[in-house]
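None of the figures in this text is laboratory data; all of them are computed from the coordinates on show. If you're wondering where the values come from, they're calculated on a predicted model, not measured in any experiment.
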Amino acid sequence: MFRRRRPLLRAAVVGGGAYIAGKHKARASDQRAADEASQDDRISQLEQQQAPPQQAPPQQAPPAAGSSIADQLQQIGALHQQGMLSDDEFAAAKAKLLGS
């Protein structure tokens, strides 16, 4: 008996399989991108929660009558070294103490 080949059916099956595989790969790629974006958002939120709130620089107390300028300079120098005063704030406080 003569067996008839079906090239169109075979092409449709192969093409359909390739189409399904491509869709699956695209869906997996989209899901991976969405997961990474979600993870980035969660990391950003955690970083914001853990970051210390920005505080206003501590107000300098008026100089005490018994404190010398040298003592006050040492105090603001210590605050600057501890990171409580920025370079600009330190320079302004020092200029204020020295009267310049």
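A straight Cα-to-Cα reach below 16 Å connects Lys25 with the aspartates and glutamates Asp35, residues fewer than 8 places away in its own chain not being considered. Can you list residues whose amide H is under 5 Å from Leu85's amide H, if they're 5+ apart or on another chain and H is modeled 1.01 Å from N? So Leu85 has HN proximity to His80.
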